[in-house]
Amino acid sequence: MAIHTVISEFIQRHALPDDYSRIAQKWFIPVVDRILECKAGSDEPVVIGINGSQGSGKSTLADLMVCVLQQVHGLNAVALSIDDFYLTRREREQLAEKVHPLLLTRGVPGTHDTGLACRTLARLKTRTESVAIPRFDKSRDDRYPEEDWTMITQPVDIIILEGWCVGSSAQESHALATAVNRLEAEEDADGTWRNYVNLQLREHYPQLFSLVDIWIMLKAPSFECVFGWRLEQEEKLQRSLVDQGCSDAATALMDRDAIARFIQHYQRITEHTLNTLHGSVHFLFELDGQREIENFLMPVELVC
């Protein structure tokens, strides 16, 4: 299928502005072409990691890449979100009881099943068996039952893992001493929560991130932009659920005040990642406050 047709249908399906076609063909398709060059030189599946703060467009980019790889180039590509590997609500309730109440809230390192994520990617890379992909229902704040997981039955050529903390690194211990926002100051005054999160990021996430071959980052200009972007995400999800007739689920989503508190859980790691990850990726897209691409860099040479 022609590239412009694939992008046009993609825009309609995701209710994106028409200008997204220009953005995709100018910035993202050349990256796909470069990835294809790497894939041509390998019989193994290529794993791509996409980092971006909440609302930066990483899920949309992952979906676009899958569409182009499959419909234009005939490759079998699959996109995974680190969100789909959240611990179940019951597991997070147990963490909240045993470690700290803030661990009930999904999102930060320590609230993902990294073992499940590693096993899933490893199975996809073997290309020899059917693989069940976990899915998470944010409207219920719980993982879908296994019978509702996505089943991949054909060998995969390209695997995309996207997430706000994909590629993030732990901080030095001394950096945890001072609270970065009201949530930490009032609800984690002794630092138990943030030290636990940092420990999980140091000990359990590097194994997952080491499976990534090619890194892409959508770099926000600052954490201050994240609130508006995250609010847009929630409103879009609510409209989608209403369109599907899920009125009860839609009313369970977060309002403006809830989102303002919610994103404080991510501030520390987001700011640290914005300051540290950009020099270690293969493809860096620097965004402005309206998510327009201001600059494109290749900090690390991609060697295939």
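The values are calculated or read from the model by the stated rules, or taken from the named source; none is laboratory data. The structure presented is a predicted model; accordingly, all values stated were derived computationally and were not measured. Every residue, glycine among them, receives a Cβ derived from its backbone with ideal geometry; neighbour counts consider all protein chains shown.
Could you list, in sequence order, the residues of the stretch 117-135 that are out of contact with any Leu (no Cβ under 9 Å at 6 or more places or on another chain), outside any loop (DSSP other than H, G, I, E, B) and within 22 Å of Arg89 (Cβ to Cβ)?
The first filter runs over the stretch 117-135 and keeps only residues out of contact with any Leu (no Cβ under 9 Å at 6 or more places or on another chain), leaving 119, 123, 126-130, 132, 135.
Narrowing further to those that are outside any loop (DSSP other than H, G, I, E, B): 119, 123, 126, 132.
Across the stretch 117-135, the qualifying residues are Arg119, Ala132.
Identify, from the list Thr126, Thr111, the residue that is of a type in the set (Ser, Thr, Tyr) and within 20 Å of Ser169 (Cα to Cα).
On the way: Thr126 fails: within 20 Å of Ser169 (Cα to Cα).
That would be Thr111, the only listed residue that is of a type in the set (Ser, Thr, Tyr) and within 20 Å of Ser169 (Cα to Cα).
Taking the stated definitions as given, is Ala258 loosely packed, with under 14 Cβ neighbours inside 10 Å, at pLDDT below 90 and assigned to a helix (DSSP H, G or I)? Steps first, answer last, please.
Values: loosely packed, with under 14 Cβ neighbours inside 10 Å: yes; at pLDDT below 90: yes; assigned to a helix (DSSP H, G or I): yes.
The answer is yes for Ala258.
Among the residues of the stretch 107-158, count how many are without any contact (Cβ under 8 Å) to a residue 40 or more places away in the chain, within 12 Å of Leu80 (Cβ to Cβ) and touching a Lys or Arg at 6+ places or on another chain (Cβ under 7 Å).
Result for the stretch 107-158: 3.
Yes or no: Leu201 touching a Ser or Thr at 6+ places or on another chain (Cβ under 9 Å) and under 22 Å from Val99 (Cβ atoms)?
Details: touching a Ser or Thr at 6+ places or on another chain (Cβ under 9 Å): yes; under 22 Å from Val99 (Cβ atoms): yes.
When the stated conditions are applied, Leu201 passes them.
Of all residues in the stretch 271-286, which are surrounded by fewer than 21 Cβ atoms within 10 Å (Cβ to Cβ) and not in a strand (DSSP E or B)?
Of the stretch 271-286, the ones surrounded by fewer than 21 Cβ atoms within 10 Å (Cβ to Cβ) are 271-272, 274-280, 286.
Scanning the stretch 271-286 gives Glu271, His272, Leu274, Asn275, Thr276, Leu277, His278, Gly279, Ser280.
Listed here are the residues, each with its yes/no results for (1) part of a helix (DSSP H, G or I); (2) of a type outside the set (Phe, Trp, Tyr); (3) touching a helix residue (DSSP H, G or I) at 6+ places or on another chain (Cβ under 9 Å).
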residue: His4; (1), (2), (3): yes, yes, yes
residue: Pro30; (1), (2), (3): yes, yes, no
residue: Glu37; (1), (2), (3): yes, yes, no
residue: Glu44; (1), (2), (3): no, yes, yes
residue: Gly49; (1), (2), (3): no, yes, yes
residue: Ala62; (1), (2), (3): yes, yes, no
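Using the structure shown, decide if Ile50 is of a type outside the set (S, T, N, Q), touching an Asp or Glu at 6+ places or on another chain (Cβ under 7 Å) and buried (at least 18 other Cβ atoms within 10 Å of the Cβ).
On the way: of a type outside the set (S, T, N, Q): yes; touching an Asp or Glu at 6+ places or on another chain (Cβ under 7 Å): yes; buried (at least 18 other Cβ atoms within 10 Å of the Cβ): yes.
Against the criterion (of a type outside the set (S, T, N, Q), touching an Asp or Glu at 6+ places or on another chain (Cβ under 7 Å) and buried (at least 18 other Cβ atoms within 10 Å of the Cβ)), Ile50 qualifies.
Filter the stretch 159-196 for residues that are among the small types (Gly, Ala, Ser) and in contact with a strand residue (DSSP E or B) (Cβ under 8 Å, 6 or more places away or on another chain); which is surrounded by the most Cβ atoms within 10 Å (Cβ to Cβ)?
So in the stretch 159-196, the residues among the small types (Gly, Ala, Ser) come out as 163, 167-170, 173, 175, 177, 179, 185, 189, 191.
Then drop every residue that is not in contact with a strand residue (DSSP E or B) (Cβ under 8 Å, 6 or more places away or on another chain), which leaves 163, 167-168.
Numbers: Gly163: 25, Gly167: 23, Ser168: 20.
Looking at residues that are among the small types (Gly, Ala, Ser) and in contact with a strand residue (DSSP E or B) (Cβ under 8 Å, 6 or more places away or on another chain), I get Gly163.
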